[in-house]
Each structure stands twice: as C-alpha cells, then as structure tokens.
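Worksheet: the structure to be examined is printed underneath.
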Amino acid sequence: MESEQKKAERRQLLEEERIRKQQKKEEHQLQKQLNQAEYPRKPVRENTQSEIRRKKKSEELEEKQDFLPVTWASSYLPIEKIKDGIIYTADHRYVKIVEVLPINFLLRSPSEQRNVVFSFLSYLKIAPVKLQFKVISKKADISEYLEKIQQEIEAEEDEQCRVLQEDYARLIRSIGTKEAITRRFFLIFEFQSYDGNRKPKEKEVYQYMRTTVQTAKKYLAICGNVVLEHENESRFCVELFYQLLNRRTSVTVPFSERIKLVTQWYQEENGKESLHHIPVTELFAPKTLNFKHRNCVVFDGVYHTYLYIPSGKYRMRVPAGWISLIINAGEGIDVDVFFFKQDKGKSVERIGRRIRLNRSRLKETYDTNSDFDDLSESIRAGFYLKKGLSGNEELYYMSMLITITGYTEKEVEWRAREMAKLLNSQDIGTAKCTFSEEKAFLSSLPLLNLDKNLYQKSKRNVLTSGVAACYPFVSYEMSDRDGILMGVNKANNSLVIVDIFNSEIYKNANIAILGTSGAGKTFCLQLMALRMRRKNIQVFIIAPEKGHELARACKNIGGAYLKIAPGSQYGINIMEIRPSDQSARVILDGQASERSELAMKIQSLHIFFTILIPDITHEERQLLDEAFIITYQKKGITHDNASLWNQEQPGKYKEMPILGDLYQVLLEKEETRRMANILNRLVNGSSSNFNHQTNIDSDNKYMILDISEMQSDLGLATFTALDFVWSKAKEDRTKEKAIFIDECWALLSTNELTANYILEIFKTIRGYGGAAVCASQDLEDFFSLKGGKYGKGVLNNTKTKIILNLEHKEAEVVKKELDLSEAEMLAITRFERGNALISTNNNNLLVEFKASRLEKDLITTDRKDLKELKERLEKYGETAYEKGGMSK
C-alpha cells in the first residue's frame with residue numbers, strides 16, 4: 001500500500017495542476033475580452049447580444065414560473081399574450097376575433113334572403129382559408145340597465161312616478177332572470193402566411209389582420225351586418241374570454257373587479273415587482289377546471305358537455321339560414337362552425353380518383369347488394385362536387401361543435417338529449433364527445449383550433465354555396481342600452497328594449513301603431529307613454545276618441561288629465577302667445593335676429609279660422625288679418641316682441657286677448673260681420689269653452705288632452721290641442737319629449753288642414769329633439785284623404801312601425817305600404833292580443849309585450865280586467881292595486 005506521505009504529495013500535485021489550469025483559463029478569457037474590445041467583430045457582437053437577449057428572456061421566464069399564480073388554469077390555457085387585439089397562441093399562431101351584429105334573417109322575404117346569401121357567398125370567395133363562426137347564448141345581463149333605473153328613481157321628485165319606476169325595476173328583474181336571453185356572434189380567423197420559412201414580423205401580422213377585418217366589414221355590410229369596432233380591442237378579447245370561461249362569476253363580478261382582484265393577489269403573494277409579469281390568462285382563467293367526468297367539463301361551477309354532427313349525419317338539402325334552428329335553441333347553447341377551404345386543383349384530382357375507384361368497385365358488386373347503393377350515391381356526389389368545382393365554387397370541409405351548459409350534471413344531460421331530439425326531428429344526427437371532453441373544450445375556444453380527431457369525425461365536404469347557406473348571423477336583437485322595455489322577442493327570447501331617441505340607430509324617433517279594434521293599440525300606446533314618463537321624458541297625449549280610457553293611469557302617476565269639452569273647467573286660449581324658453585337656442589345658435597311672435601301666432605290663427613270657416617274668401621282673410629292686429633294692439637301687443645312682457649310682473653307676458661275680444665272687433669265693420677256671426681258660437685254659444693284664458697299646468701311631465709266630447713268641433717279642438725303641445729315641444733331642442741296621438745285616423749280623415757298640421761309635426765319634430773307617436777285603426781280612413789297623401793306621409797316619416805292584429809283586408813294594405821313578406825302578413829292576421837310585429841331599420845321582429853300587474857291595472861281597457869279591478873276597488877279601496885299583486 002502507498003504510504004501516507006506519497007498520497008499527500010500526489011494530492012498536492014493534483015491541486016497545483018488544477019490551479020494552473022484555472023489560471024490559464026482565466027487568462028485566456030481575459031485575453032479574449034481584450035481582443036474583442038480592441039478588435040470588435042460584427043458576428044461576435046451579434047452573438048453576444050443574442051445571448052444576452054436569450055439569457056434575459058430565460059431569466060424572465062424563470063421569474064414568471066417562480067410566481068404563485070391565482071389558479072393553475074392560467075398556465076393551462078393555450079394563449080401566450082394578447083396585443084393590439086391579436087391573440088398569440090401557444091402553438092405560435094396569430095388569431096383575430098371580430099364581433100358581428102346579426103340581422104333578422106328569418107322574417108325577411110325569400111328574395112331578401114337570397115340577396116343576403118349571395119352577398120355572404122361573395123365574401124367567402126375572398127375570406128381567409130380557415131374560419132370559425134362562434135355564437136354564444138346566455139342570460140341577458142340587466143345589471144347596467146337596473147343601475148340606470150335606480151339612478152332615475154333617485155332623481156325623480158314625484159312620489160307617484162317613483163312607485164311606477166320601482167314597479168318597472170321589479171318587472172325587468174323578473175323577466176331578466178326568467179326569460180331574457182342574449183346572443184353574441186363572432187368571426188374568428190388566423191394570420192395566413194405566404195412564406196412558411198420565416199417568422200412574420202408583428203407589423204406584418206397587424207397589417208394583415210387590419211386589412212382582413214376591413215374586408216369583412218365591407219362585405220358583411222352588404223348583407224346588412226355591422227362589424228363592431230371596440231375602443232380597446234385587446235380588452236375586448238380578454239373580457240370575452242372572461243365571460244366565456246366564467247359564466248357564473250362574470251354575472252356578479254365585473255371584469256374591472258376581476259382585474260383588481262388579480263392585481264391584489266400578485267402584489268400580496270409575489271411582491272410589487274411581479275405586477276409587470278402577470279400573464280394575460282390570469283385575467284380570465286376560471287378558478288376551477290375539472291376534467292374528471294367522462295361526459296362533461298366543469299369550470300366556474302358550470303357543467304359543459306359537447307355534441308358534434310358526424311360526417312354522414314348532415315341533411316342532404318338545407319334551406320338558407322338553417323343553423324338558426326340551433327342558434328335559437330335556447331339558453332346556454334353555444335355553436336361553433338368551422339370552415340376549411342381546400343386547394344381546388346388537388347380537390348378535383350382527388351375527387352376524380354375517388355370516382356374512378358368507386359366505379360371499378362361498383363362493377364364487382366351486384367345491384368342487390370347494399371354496397372351498390374352506397375357506391376352509386378358516392379359517385380353521384382363526386383360528380384356533383386366536380387361540376388361545382390369546374391365552375392366558380394370552392395371546396396370546403398365543414399365541422400360543427402355544439403356546447404351545452406347547465407348548473408348540474410342532470411340538467412346538462414337533459415339539455416343534451418333535448419338538443420339531440422330537436423336536430424333529429426330535422427334529420428340531423430349528433431354524437432357526444434365522450435372521453436374527448438377536454439379536446440372539445442379546447443376546440444370550442446375562439447382560437448380556430450379544432451382537434452384533429454374531432455375534425456376527422458365531423459368534417460363534411462361542402463361547396464361555397466352550401467357554406468353560404470350556413471349564414472350564421474340570423475338571430476336579431478333589439479336591445480338598446482338606454483331605452484324602454486317593450487317586451488320579449490318571440491324568435492329568440494331576447495329583451496326588446498327600444499331607445500327611439502338614439503339618433504345613431506334611428507333616423508327619427510317617430511312611431512306608428514297600427515291594429516284593428518281590440519288588438520291593444522291604446523294599451524301599447526299607454527305602456528310606452530308611462531315608461532317614457534318614468535325616464536323623465538315630457539309626454540303629451542291627444543285623445544280624439546275614448547279619452548276616458550287614459551284617465552286612470554294619468555291620475556295614478558301624478559299627471560294632468562285635461563278634458564276639453566263644453567262646460568269643462570279646463571280651457572286653452574287659441575289666441576295666447578306663450579312664453580318660450582329660448583336659453584337653449586341662444587346657447588346653440590347665438591343671438592340671432594328675433595322673429596315676430598305676433599306674426600307667427602297670426603299665421604296659426606289663420607289656419608284655425610280656415611277650419612272654422614271653410615269657404616272664407618281672400619278679402620275676408622285680409623280683413624281678418626287686420627282684426628287680429630287691432631285685437632292684440634288693444635292689449636298693448638305689437639310686432640315688437642318687447643311689447644309682450646308685463647312691466648308690472650317681470651318675467652311674465654301680458655294678459656292675452658281671447659276670441660271674445662276678436663269677436664267685438666269683427667262686429668265693428670259690416671264687411672266682417674259674417675265672420676263675427678260664425679265666431680259667435682265659440683264665444684256665446686254651445687262651444688263657448690273656446691272663449692277662455694288657458695288655465696292648465698303646461699309644465700306637468702304627463703299631460704292628456706281629452707277632446708273626445710268635441711265631436712261637432714273636432715277639427716277646431718284638435719288644432720287647438722296640437723297648437724298648444726307643439727309650441728311646448730319647440731321650446732328646448734335639447735330636451736326629449738313625445739307627442740302621442742291616439743285614434744289618428746279620426747284626425748287624418750276629417751279635415752285637410754288638421755291632417756297637414758299633423759304631417760308637419762311628424763316631419764319636423766325630430767329637429768326639436770322630440771318623437772311623434774300615432775295609433776290608428778280603420779286603415780281605409782287613415783289613407784282616405786287626398787288618395788292617402790297624409791296617411792302615407794305620416795308612415796314615410798315614421799322610422800318604427802308597430803303592427804298588431806289586423807283583418808286580412810287591412811293586412812294587405814300594410815303589406816303593400818311596408819313591403820312585408822307573405823309570412824309576416826299571415827302572422828299579423830293571427831296575432832293574439834299583446835303580440836305585435838315591430839318594423840324598424842329594415843328589420844322586423846315579433847314581440848310579446850310585457851307589463852307588470854300594476855301597469856296592467858292602470859291601462860287595461862279589457863272588460864274582464866276592468867270588472868276584476870272594480871271588484872278590488874270596491875273591496876280594498878285605495879289598496880286595490882297592492883292587492884292586485886304589485887305594490888302601488
């Protein structure tokens with residue numbers, strides 16, 4: 001054995017050798033650094049910089065991995081980052097999501113449907129080769145709408161109207177939690193590289209995405225669709241994933257709150273420096289993600305199961321828009337449709353080869369063999385595809401994935417069975433993604449990444465025309481953010497909320513309500529009026545027929561019910577020049593030369609006297625004009641507007657003359673005595689209620705002018721009422737107001753001057769920030785005067801039409817005027833009370849009106865309902881409305 005001394009010497013030699021090698025290595029590295037500093041070389045510097053970048057990136061990556069995430073699902077989701085609205089996926093693809101607003105495709109005429117499909121087909125020819133159309137359905141989020149209602153309640157000063165607002169909020173909450181469903185439509189595509197050998201630059205990707213979005217926007221606009229552009233596209237994408245992956249949480253926790261929670265977590269758990277390294281997936285990843293079930297995936301407490309349509313289970317022939325059956329199936333049914341364009345040359349070659357192969361196999365089979373029919377059908381299909389490809393068509397592979405959600409495993413299984421039954425009734429088969437739920441979940445994300453196995457099972461060859469027939473944007477919703485609730489869309493159970501004052505959506509705020517007697521016109525009119533009043537909109541209602549039906553609601557919300565009738569305590573002085581608020585006009589337009597208020601009033605008085613004396617001569621007009629000026633001069637009023645003001649009562653006008661004062665002036669001359677004698681009936685006769693000073697509160701927000709008992713002087717009473725409300729409506733252009741005219745046919749069919757005045761209101765009220773709403777039956781009378789000139793003029797200046805039940809003859813008239821389809825006309829003749837067709841912005845939808853019990857008590861005109869209400873009033877008195885089921 002070696003002695004201990006020799007061992008020690010050996011160790012010392014080895015140590016010295018190691019030290020020499022280390023020193024030599026250090027000297028070599030030092031010399032290398034000196035050489036690089038003295039003689040820099042470009043390749044060496046580049047390598048050094050790239051090494052530094054790689055080292056920095058690896059350090060950041062290690063730093064990220066060291067952070068404690070909020071949930072492990074954030075690292076599972078295949079998304080690296082979202083920048084400029086572009087999604088960078090884990091498999092190094094670039095994906096863009098575009099939101100598209102749908103149209104009401106199903107209620108369009110067949111010719112319009114064909115035009116939409118052909119326009120969509122034109123887009124497909126220049127669209128990206130890979131497309132995903134995603135439709136998400138869920139319960140409508142009414143939280144923002146309820147917040148606005150609460151703000152309006154707090155701002156309301158009238159106690160009775162506040163009760164109506166609270167009742168309205170309860171109705172919205174009830175409908176929103178039980179019935180209301182909303183759908184969103186998305187188009188997803190990815191960056192298509194023409195040079196697969198190099199990695200594209202971000203600028204190149206961004207430019208491609210921007211160009212493709214603009215192309216989709218232009219072509220889909222021809223179909224009638226609007227492509228939404230968001231202020232922050234990246235936030236839009238992140239918020240979409242948040243709502244998609246957190247169906248339950250997103251209802252109660254807004255996205256802004258989620259950002260705060262994630263930020264707070266990272267700061268507390270990982271330190272302040274970690275805030276710059278939060279993965280984008282943390283902002284929308286669900287807290288739980290469970291793949292343990294064989295037939296469903298559970299995340300955020302919601303069960304998801306997936307169905308697909310196998311390749312051989314599609315219908316051979318389908319109508320345009322056929323997937324609306326699936327899209328409108330109900331709440332929690334999401335649809336993903338994938339289209340993959342194939343190379344045309346290769347497809348033709350492959351189809352030809354398949355045809356030849358099947359032909360040779362067909363010779364070996366007997367015509368009684370089951371394979372004979374399959375091969376024959378395959379050959380016919382091959383020739384069909386080949387014929388299409390020889391023309392202008394392209395070949396696509398299509399796959400459809402259906403996501404079904406529920407809050408329990410039993411619920412989601414029941415929905416899946418019902419969905420399978422629904423599709424089976426249309427000869428469409430389905431299959432479950434059993435033991436492939438995870439792959440289906442990843443495929444259903446808006447990332448255009450269908451799993452290969454699901455693709456092989458579900459792909460169906462289809463030509464461009466077949467793809468166009470799958471036009472997906474078919475479920476139209478009319479849910480404006482700040483409008484009034486009309487009811488529920490019968491086609492898809494979405495809330496119908498209309499904001500007619502939104503000039504970005506509607507060209508004007510006018511509405512026409514048409515229906516037969518008993519169809520619910522007055523109910524609809526009052527429902528709209530009450531809901532406008534609760535939004536603090538000034539409401540005027542002129543009732544030439546059955547005005548008493550409007551009194552109950554008016555009284556119970558603190559409105560002013562003014563019955564203009566012989567012997568009535570209320571009166572409107574037709575000769576009154578009313579003070580107008582010019583502050584808004586001065587602010588908007590500046591000080592301008594003042595017009596003569598007296599001259600403007602005399603012009604309207606000439607119309608009044610033309611109605612009173614239809615055969616008035618030109619000479620009498622001139623004499624009448626002089627009489628007007630003399631009458632006002634006796635009160636100290638001239639063409640100088642300063643003469644209107646009362647010096648003894650600053651801020652108020654002088655006392656105005658009345659018809660009796662004019663009557664005395666007309667009696668003074670022999671030439672005007674005929675006019676005085678005719679006017680005498682309005683001064684001293686049976687209609688002397690015209691000879692009064694105005695004694696009504698014009699500032700009330702809900703005012704009804706009942707002229708139904710002025711049938712002998714309906715034209716005069718109508719003009720007087722219209723003149724009063726029109727002067728109020730023109731005061732301030734910045735304030736919203738609405739003029740309702742019930743039973744409009746009675747005014748458009750009696751007097752041309754009255755009809756012309758009404759038409760002028762419908763033409764010009766938009767310029768004063770207002771809305772004109774008319775309700776009418778007897779459409780023959782509505783279009784009777786001057787060959788329908790005034791009836792058609794009113795409809796032409798009305799952007800929104802509400803059509804209730806009509807008799808067949810009336811429905812034919814409406815069909816012609818509104819260009820309705822046969823299906824829509826048939827539906828109108830079969831409507832039950834409370835149902836209507838709303839036509840606006842070239843879209844028609846069927847709506848079921850929704851009213852609370854309190855609203856129904858206030859506005860119903862049905863005999864049975866009135867009888868039941870009378871019994872409650874007799875039994876409970878003032879608490880009758882509360883006993884009806886809604887708090888008064």
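The values are calculated or read from the model by the stated rules, or taken from the named source; none is laboratory data. Note that this is a predicted model, so its numbers are computed, not measured. Neighbour counts run over all protein chains shown; Cβ positions are idealised from the backbone, glycine included.
Brief remarks on what is shown
Residues checked against (1) buried (at least 22 other Cβ atoms within 10 Å of the Cβ); (2) under 30 Å from Leu389 (Cα atoms); (3) in contact with a His (Cβ under 7 Å, 6 or more places away or on another chain):
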| site | (1), (2), (3) |
| --- | --- |
| Lys452 | no, yes, no |
| Tyr455 | no, yes, no |
| Ser458 | yes, yes, no |
| Leu463 | no, yes, no |
| Tyr471 | yes, yes, no |
| Val474 | yes, yes, no |
| Arg481 | no, no, no |
| Met486 | yes, no, no |
| Leu495 | yes, no, no |
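- Of Ile379, Ile326, all but one fail to be assigned to a helix (DSSP H, G or I) and crowded, with 21+ Cβ neighbours inside 10 Å; the exception is Ile326.
- Residue in segment 698-712 that is at pLDDT below 90, of a type outside the set (S, T, N, Q) and either assigned to a helix (DSSP H, G or I) or in contact with an Asp or Glu (Cβ under 6 Å, 6 or more places away or on another chain) (or both) present: no
- Scan segment 618-633 for residues that are exposed (fewer than 12 other Cβ atoms within 10 Å of the Cβ) and either part of a loop (DSSP other than H, G, I, E, B) or in contact (Cβ under 8 Å) with a residue 40 or more places away in the chain (or both) and the total you get is 1.
- Within segment 475-495, the set of residues being assigned to a loop (DSSP other than H, G, I, E, B) and either within 9 Å of the chain's Cα centre (by Cα) or not hydroxyl-bearing (Ser, Thr, Tyr) (or both) comprises Tyr476, Glu477, Met478, Asp480, Arg481, Asp482, Gly483, Lys490, Ala491, Asn492, Asn493.
- Of residues in segment 592-649 being closer than 22 Å to Leu753 by Cβ and of a type in the set (Lys, Arg), the one nearest to the chain's Cα centre (by Cα): Lys601
- Segment 827-842: number of residues that are under 26 Å from Ser784 (Cβ atoms) and part of a helix (DSSP H, G or I): 2
- Flag: Glu147 does not match the condition of being part of a helix (DSSP H, G or I) and in contact (Cβ under 8 Å) with a residue 40 or more places away in the chain.
- Count - residues of segment 226-253 that are in contact with a helix residue (DSSP H, G or I) (Cβ under 9 Å, 6 or more places away or on another chain), crowded, with 20+ Cβ neighbours inside 10 Å and not in a helix (DSSP H, G or I): 1
- Residues that are within 18 Å of Lys130 (Cβ to Cβ), in contact with a Phe, Trp or Tyr (Cβ under 6 Å, 6 or more places away or on another chain) and in the same structural domain as Glu112 (by TED's automatic domain parsing) do not occur anywhere in segment 228-248.
- Annotation note: of Glu411, Glu437, the sole residue that is among the acidic types (Asp, Glu), closer than 30 Å to Tyr303 by Cα and under 32 Å from the mean Cα position of the chain (by Cα) is Glu411.
- Matching residues in segment 774-826 - criterion: being in a helix (DSSP H, G or I) and among the small types (Gly, Ala, Ser): Gly787, Gly788, Gly791, Gly793, Ala811, Ala823
- Complete set of residues in segment 840-888 that are in the same structural domain as Gly559 (by TED's automatic domain parsing) and at pLDDT below 80: Asn841, Asn842, Asn843
- Candidate set from segment 647-669 (those that are in a helix (DSSP H, G or I) and free of Cβ contacts under 8 Å to residues at least 12 places away in the same chain); member that is nearest to Gly571 (Cα to Cα): Gln664
- Which listed residue, of Ser708, Ser712, is touching a Lys or Arg at 6+ places or on another chain (Cβ under 8 Å) and more than 19 Å from Ser503 (Cα to Cα): Ser708
- Scanning segment 176-184 finds one or more residues that are assigned to a helix (DSSP H, G or I), without any contact (Cβ under 8 Å) to a residue 40 or more places away in the chain and under 18 Å from Asn489 (Cβ atoms).
- From the list Ala746, Ala738, the one residue that fits, being under 24 Å from Lys789 (Cα atoms), in contact (Cβ under 8 Å) with a residue 24 or more places away in the chain and either assigned to a helix (DSSP H, G or I) or among the hydroxyl-bearing types (Ser, Thr, Tyr) (or both), is Ala746.
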